[in-house]
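Have a look at the structure below before the remarks.
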Amino acid sequence: MKKALLTIYLLAFLAFLAGCGGGSIVLGRTDGAVLASQYSTISDDNISQASLNNMEENAAVMQAVQLGQNYNVLLLRTFQSGIFREFANFSSGPFELDMIGGNVALNYVSETAETAAENIVGHIAITFDDGPHPVLTPLLLDALEERGILATFFLLGWAVDSNPDIVARMYEAGHSIGNHSYRHPRFTDISRQRIVDEIEHTNNAILAATGSLPTLLRPPYGARNNTVLDVARQMDMSVVLWSVDPRDWDHRNALLVSENIINYASDGSVVLLHDIHETSIEAAILAIDALIERGYVFVTVEELFSLSELTLQAGEVYRSIYHSIGASQ
Ligand code: NI
């Protein structure tokens, strides 16, 4: 019932806005009432699809604070051609907006909105390598789902073939899925043809499990040379490394690893973890909760780059939004 009510209110409101053009922010309460709205005077020419204007964002956050507890806050922006969404960290859970031929359909709204509104201090992409693990990865997915958080998984082809259901669940939840080779060889030690095979077999395994081909590649150990980058370019894949390495595979100590993440992660960071160690998953959850508390929002690698209006290019290497490095390095 709540969802239906909210849908009706949103439909009415968005129908009103449809004639206006420009950007808008809608604050919706979980009981369905549209409580407040702002209409921006920024013209479509000035706004980019990827990022919300900071002032608008802050204004919405301020209003959410004034409105008090138990509000599910949606920041929506209308465009001529569609609707894009941005989640503040005080609003949890996924929802989908489809805009087809001018009709807006709200498919799902989280009923577990956070009660406290905080300013967003930055966005972080958390990434997990070497999975999926048949037992640990589902536990991690549960924890991420509880928090309404999306992550990025760099999967091993053999593990995908062994656990296709977990990969399908991951994909359906909206997580990003990248390629981490089939059997984890060091790409700089093998022939070009073997590199191609490693990537292709893994892409095929992911395609079979999800129906979608990955575009992100993380070579094992981050090892790459010009051959690796050339193959990546040919296969239309971007090479994504990391900017924060808490060395979870080495320490195997949840508290220490989580402290490493909390101390070194900042806006634009890509964090490296491995969802094949129990301590790494505990560390991830500890760090995520602490960083959410500090005002960070967790996004996928693709979302992180699109928020910065950076387009990931095939054959290029990325560490964080501040570090894309050339082929020779
Ligand atoms: Ni690895």
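The values are calculated or read from the model by the stated rules, or taken from the named source; none is laboratory data. Everything numeric in this text was worked out from a predicted model, so none of it was measured. In this analysis, Cβ positions are derived from the backbone assuming ideal geometry, glycine residues included, and neighbour counts consider all displayed protein chains.
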Output the residue which, of all residues in region 117-162 that are outside any strand (DSSP E or B) and β-branched (Val, Ile, Thr), is modelled with the lowest pLDDT.
ILE120
Pairs, please: C-beta under 8 Å, at least 6 apart or cross-chain, first residue within 12 Å of TYR318 (Cα to Cα) and of a type in the set (Val, Ile, Thr) and in region 216-237, second modelled with pLDDT of 95 or more and surrounded by fewer than 23 Cβ atoms within 10 Å (Cβ to Cβ)?
none
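Conditions tested, residue by residue: (1) of a type in the set (Asp, Glu); (2) within 16 Å of the ligand (Cβ to nearest atom); (3) within 17 Å of THR127 (Cα to Cα).
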residue: ALA232; (1), (2), (3): no, no, no
residue: TRP249; (1), (2), (3): no, yes, yes
residue: SER258; (1), (2), (3): no, no, yes
residue: HIS274; (1), (2), (3): no, yes, yes
residue: PHE305; (1), (2), (3): no, no, yes
residue: SER308; (1), (2), (3): no, no, no
residue: GLY315; (1), (2), (3): no, no, no
Residue satisfying all of: in region 228-242; out of contact with any Lys or Arg (no Cβ under 7 Å at 6 or more places or on another chain) and buried (at least 16 other Cβ atoms within 10 Å of the Cβ); nearest to TYR322 (Cα to Cα) among these:
SER238
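From the list ASP245, ASP267, pick out the single residue that is within 15 Å of the ligand (Cβ to nearest atom), surrounded by fewer than 19 Cβ atoms within 10 Å (Cβ to Cβ) and assigned by TED's automatic domain parsing to the domain that holds ASN179. Walk me through how you get there before you give the answer.
Working: ASP267 fails: within 15 Å of the ligand (Cβ to nearest atom).
When all the criteria are applied, what remains is ASP245.
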Is it the case that TRP249 is in contact with a His (Cβ under 8 Å, 6 or more places away or on another chain) and either over 14 Å from ALA314 (Cα atoms) or at pLDDT below 95 (or both)?
yes
Within region 145-162, considering residues that are away from the ligand (no atom under 16 Å from the Cβ) and crowded, with 19+ Cβ neighbours inside 10 Å, the one nearest to VAL301 (Cα to Cα):
LEU150
Taking region 163-180 and the residues there that are away from the ligand (no atom under 14 Å from the Cβ) and part of a loop (DSSP other than H, G, I, E, B), the one that is nearest to GLY131 (Cα to Cα) would be ASN163
All positions within region 181-227 that are within 12 Å of the ligand (Cβ to nearest atom), in a loop (DSSP other than H, G, I, E, B) and surrounded by fewer than 19 Cβ atoms within 10 Å (Cβ to Cβ)
ARG183, HIS184, PRO185, ARG186, ALA223
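Of everything in region 259-294 that's assigned to a loop (DSSP other than H, G, I, E, B) and more than 16 Å from the chain's Cα centre (by Cα), which residue is farthest from TRP242 (Cα to Cα)?
Residue satisfying both the conditions and the ranking: ARG294.
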